[in-house]
Structure formats: C-alpha cells, structure tokens
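One structure is given here, and the rest of the page talks about it.
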Amino acid sequence: MKKLCIVFLGLILLVSFNGCGRKQEALDQMQQPMSPEDLSRIKTESQVAQEMKPETLPQAMLQGQAASMQKPEVKLDPLPPSGPYKPSSIEIQEALKNAGYYMGKVDGKIGPISKKAIEDFQKANGLIVDGKVGPKTWGVLGKYLKERPSQQSGR
C-alpha cells in the first residue's frame with residue numbers, strides 16, 4: 001500500500017512539473033519580439049469585418065456598423081464643477097443690472113441696495129423672497145449675466 005501511495009504521489013508531481021514547463025515555454029514565446037512580417041500578418045477586427053461578406057455577418061453587427069456610420073462625431077462640453085455654482089458678488093450685481101433691478105455701481109459689495117434689488121427680482125420671478133442668491137435664484141438670474149441692457153425687451 002505504501003508503494004502504491006508513493007508511486008501515485010510521484011505521478012502527481014511529475015504531471016504538475018510537466019505542466020509548469022509548458023506554461024513557461026508559452027510565456028517565453030509570447031515575450032519574444034515580433035518581426036515585421038509577423039506584424040503584417042496580424043489582422044485588425046475592422047480588416048476581418050471588411051473581408052467578410054455581408055451575408056455571413058450577424059445581423060446585429062450589420063446594424064451596429066450601419067448605426068455607427070450614420071452618427072456624426074459629437075464633441076462634448078467639459079462638465080461643470082461638482083456641486084452648485086456659487087456666483088460672485090460682481091456677477092450678481094451685473095446680472096441684476098442687466099435685468100433692470102440694480103441701478104447702483106457694480107462694486108462687488110452686497111449692501112442694502114443690492115439686497116433690495118435681489119428681493120425685487122425674486123418677487124417678480126415667483127421665487128422665495130429672502131434676499132439671498134441661492135441655486136434657484138441664480139438659475140433664473142444667471143441668464144441675465146451675459147445679456148446687455150440693449151438686448152432686453154420691455155425694460
């Protein structure tokens with residue numbers, strides 16, 4: 001019984017070492033540099049797809065290829081910073097001035113005149129009147145930042 005166990009254990013070790021040698025050979029072969037001839041024989045996925053006849057291609061691949069041909073490249077704008085945008089005092093005053101609610105000097109100081117203009121703007125636009133420019137107020141007021149008084153109608 002002991003001899004049988006030793007022989008069995010020896011066979012297991014022999015098989016496992018033999019498998020490790022094959023793995024090392026495969027790794028060595030993959031790490032060898034490729035010649036230009038080898039590189040020219042490698043076909044890309046698109047080359048293989050072009051060589052195939054349309055009747056042999058799966059329907060889903062044909063539909064995907066047709067869809068990708070029809071869609072133009074779309075350039076995406078960069079994402080805004082995370083969190084709500086907090087406008088500067090100067091931006092608030094300029095937007096209020098462009099909207100026709102602030103007549104003072106744009107100095108970046110939110111004083112009583114600026115606060116009154118904010119409240120008037122909020123009241124006129126159906127916002128909560130608190131005199132503070134939060135995300136909801138800025139969502140409406142910020143549209144006036146880029147406008148000039150001559151571009152507005154009725155004010």
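Values for this structure:
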read-out: Of every Cα-Cα pair in segment 89-150, the percent that sits beyond 19 Å; value: 15
read-out: Label point distance in nm, Lys132-Lys105, each placed 7 Å from Cα along Cα→Cβ; value: 2.9
read-out: Within segment 89-150: Cβ-based charge dipole about Cα centre, in debye rounded to nearest 20 (Lys, Arg +1; Asp, Glu -1); value: 20
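None of the figures in this text is laboratory data; all of them are computed from the coordinates on show. Everything numeric here is computed off the predicted structure, so don't read it as measured data. Note: ideal-geometry Cβ built from the backbone for every residue, glycine included; neighbour counts use all protein chains shown.
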